[in-house]
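The values are calculated or read from the model by the stated rules, or taken from the named source; none is laboratory data. Predicted model, so just to flag it, every value in this text is computed and none were measured. Glycine also receives a Cβ, built like all others from the backbone with ideal geometry; neighbour counts cover every protein chain displayed. Remember, those area values only see protein heavy atoms, side chains included, never the ligands or the DNA or RNA. Shrake-Rupley method; radii C 1.70, N 1.55, O 1.52, S 1.80 Å.
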Amino acid sequence: MSNDSANRMWGGRFSAGPDAIMEAINASIGYDRRLAAQDIEGSRAHAAMLAATGILSDNDAEAIREGLLTVLSEIEGGSFEFSTALEDIHMNVEARLKEIVGEAAGRLHTARSRNDQVATDFRLWVRDQLDAAEQGLTALMRALVAQAEAGADWVMPGFTHLQTAQPVTWGHHMMAYVEMFARDRARVRDARVRMNECPLGAAALAGTSFPIDREMTAQALGFDRPAANSLDAVSDRDFALEFLSVASICAMHLSRLSEELVIWSSAQFRFVVLSDRFSTGSSIMPQKKNPDAAELIRAKIGRIYGAQTALMMVMKGLPLAYSKDMQEDKEQVFDAADNWMLALAAMEGMVRDMSANREALAVAAGAGFSTATDLADWLVRALGLPFREAHHVTGSLVAKAEAMGCDLADLPLAAMQEEHDGITEAVFDVLGVENSVASRTSYGGTAPEQVRAQVAIWKDKLG
């Protein structure tokens, strides 16, 4: 086969043939440059440890540490020239370091491998993202608590199957999401504790014969301890998978709230008004105010789920220790982290700025026979009916009210007594939505006093 034929087979993009394809598939600098700050932080800690253990001279270590700061400033300033030929962030940094400090740069890689280096860099990066997620979740929870405090006694319909069920309060609904995001924050904290072990010093896979001090580097980088097994240290990506798992569960909560905001802000519900900062207009329909931020959060969640599945597929069949497959661990995590942080920030902004329509909430709370359960409970308490009989009587009264085109509270007493002659005027005390929510005083219930108690607890926790 002629060279011309071979080039046509490789395609126009890879006209140089197999070498160009290998460079393209092997290089990760296009995305792992995001690890630059963590890579340099790890290398500076490694150099200090090499000097402290006598493996590297103090002069070389100092030159390396200062040179690495120069490299970092160039990267952050945008003047650093990344090279695909150098494959990854580690080799790009080391090559530039050599230009700055000379041969001493070659000593930096003593007693380590790119395997433990990238594992350390990636852990540091994921740890930073977990810290950012905790901050984002805390801000969102504060915004929800503020909404709950403002509307602790505002009645609204509670739904099951998106059908009117029982009256609840706006504050109670907001606090439900505080509980969800609190669990997410707890998972973030748990994941951070579990992943906070330092792989540096595991080298390629077996450790090193140099007299290194792994406790020193672990402490310098803020880890709780060195990883205990060198094989596991370089081949583990559980920390990234757990990050994606935590992100996925939180993303589900964000998507559920987004869905409610989309529904609530519609003309049919009018429960909330979203601020102009998180809405858009229509290019053709001037009356429209679209909840685009909520819809985009709802959509972006799929990318987080996809990232978790993708990384699971990468890792599921890999023998110990390191395989090049693991180079595919970062793009998915980077993308998921970006979308998670953006979704948290957008949701916090929407919740903070939105206004609940108290009047529309109250009107909806009284519709759909929402106090039917209160009526059934009253029949049990006041008349001593078994609950199943009370349920049957209430169902008959609902049907009667539906036929008469009124709500339960508007049924004449005589009409009620046709279904059960023991019913008295006292029944009307439980048929108002305000009375209904006020009666739900069990711990965790929707009564305003319970909502305010939970608000106080969470305000104290959140500071």
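Observations on the model:
- Taking the accessible area of the chain, probe 1.4 Å, and keeping the other protein chains in place, the carbon and sulfur fraction comes to 51%.
- Lys98 - accessible surface, heavy atoms, 1.4 Å probe, Å² rounded to 10: 110 Å²
- The charge dipole of region 323-394, taken about the Cα centre with unit charges on the Cβ atoms of Lys, Arg (+1) and Asp, Glu (-1), comes to about 520 debye, rounded to the nearest 20.
- Nearest-10 value in Å² for the accessible area of Asp325, using the 1.4 Å probe: 80 Å²
- Each Lys or Arg adds one and each Asp or Glu subtracts one; over the other residues with Cβ under 15 Å from the Cβ of Ala438, this totals -4.
- Summing Cβ point charges (Lys, Arg +1; Asp, Glu -1) relative to the Cα centre of the chain gives a dipole of roughly 200 debye.
- Straight-distance crosslink candidates among lysines, where the alpha carbon sits under 22 Å from Lys461 and sequence neighbours closer than 8 are dropped: none
- Gyration tensor (alpha-carbon) shape descriptor, region 88-214, a/c threshold 1.5: prolate
- Shape call, region 115-363: gyration tensor on alpha carbons, a/c limit 1.5: prolate
- In the context of the full set of protein chains, the chain has a per residue accessible area of 47 Å² (1.4 Å probe).
- Structure-based [θ]222 nm, the chain - -39500 (n - 2.57) summed over DSSP H runs of at least 4, per residue, nearest 500: -20500 deg cm²/dmol
- Cross-link partners of Lys289 among lysines, defined as those whose alpha carbon lies under 25 angstrom from its own and excluding same-chain residues fewer than eight positions apart: Lys300.
- Projecting the Cα atoms of Ala456, Ile55, Ala401 onto the charge dipole of the chain, computed from C-beta unit charges around the Cα centre, puts Ile55 farthest toward the positive end.
- Counted by Cβ distance under 13 Å from Lys316, the other residues give a net charge of -3, where Lys and Arg count +1 and Asp and Glu count -1.
- Straight-line cross-link reach from Lys324 at under 16 Å between alpha-carbon atoms covers these lysines, not counting any fewer than eight positions away in the same chain: Lys316.
- Nearest-20 debye value, region 367-462 charge dipole, Cβ charges on Lys, Arg, Asp, Glu: 580 debye
- Three-way shape call for the chain based on the alpha-carbon gyration tensor, with the a/c threshold at 1.5: prolate
- For region 115-363, relative contact order (Cα pairs under 8 Å, six or more residues apart, normalised by length) works out to 25 percent.
- Positive-end extreme of charge dipole, region 108-159 - chosen from Val118, Met156, Ala139 (charges on Cβ): Val118
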